[in-house]
1. Looking at region 58-80 only, could you name the residues that are outside any helix (DSSP H, G or I) and either over 19 Å from Gly95 (Cβ atoms) or open to solvent by 50 Å² or more (accessible area, probe 1.4 Å) (or both)?
2. For region 95-104, which residues satisfy the criterion of being surrounded by 15 or more Cβ atoms within 10 Å (Cβ to Cβ) and not polar (S, T, N, Q)?
3. Answer yes if at least one residue in region 17-30 is closer than 26 Å to Lys82 by Cα, open to solvent by 30 Å² or more (accessible area, probe 1.4 Å), in contact with a helix residue (DSSP H, G or I) (Cβ under 6 Å, 6 or more places away or on another chain) and assigned to a helix (DSSP H, G or I), and no otherwise.
4. Does Lys47 satisfy the criteria of being over 13 Å from Trp98 (Cα atoms), open to solvent by 60 Å² or more (accessible area, probe 1.4 Å) and under 13 Å from the mean Cα position of the chain (by Cα)?
5. Enumerate the pairs (first residue in region 53-78 and more than 13 Å from Asn108 (Cβ to Cβ) and among the small types (Gly, Ala, Ser); second residue anywhere and open to solvent by 60 Å² or more (accessible area, probe 1.4 Å) and in a helix (DSSP H, G or I)) with beta-carbon separation below 6 Å, excluding pairs fewer than 6 apart on the same chain, so at least 6 apart or on different chains.
6. Could you check Phe84 against (1) over 15 Å from Tyr101 (Cα atoms); (2) under 14 Å from the mean Cα position of the chain (by Cα); (3) in a helix (DSSP H, G or I) and say which number it fails?
Amino acid sequence: LEAVRLERRAGNAKLADTLMAKALQECPASGILLAEQIRQAPRVDKKSKSANAIKRCPEDPQVIVAVAELFAAERKIDKARKWFDRAVLLNPDIGDSWIHYNAFLQKNGNLEE
């Protein structure tokens, strides 16, 4: 995963895509890889990538958070909130889920929850 991120930061998108494809072949049910794939996909591909990720890992909090971020970016606030809730309920020990949820709540004005 870090090799993919490194190549993206260096501007080597094609190599990053190749490394991601290879990683997903080796670990097709890796939630963290699928979540990264959703986040890095072009906007037009995000929905199909998220549908594929949910099919492969329907109960992975990292995939759920990536989908919630997609809904938030599309301004589907209620749907995003439900997906963030689902992610933190699935595994409350994953701090990244809480951080993304907190950032979402700060941006959308419902932090008192």
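The values are calculated or read from the model by the stated rules, or taken from the named source; none is laboratory data. In this text the structure is predicted, and so the values were computed from the model without any measurement. We place every Cβ from the backbone using ideal geometry, glycine too, and count neighbours over all the protein chains shown. Just the protein is used for accessible areas: all its heavy atoms, side chains included, with ligands, DNA and RNA removed. Shrake-Rupley method; radii C 1.70, N 1.55, O 1.52, S 1.80 Å.
1. Selection gives Pro58, Glu59, Glu74, Arg75, Lys76.
2. If the condition is that a residue be surrounded by 15 or more Cβ atoms within 10 Å (Cβ to Cβ) and not polar (S, T, N, Q), then Trp98, His100, Tyr101, Phe104 are the ones that fit.
3. Taking every residue of region 17-30 in turn, none turns out to be closer than 26 Å to Lys82 by Cα, open to solvent by 30 Å² or more (accessible area, probe 1.4 Å), in contact with a helix residue (DSSP H, G or I) (Cβ under 6 Å, 6 or more places away or on another chain) and assigned to a helix (DSSP H, G or I).
4. Yes, satisfied.
5. Correct list of pairs: Ala66/Arg39.
6. (1)
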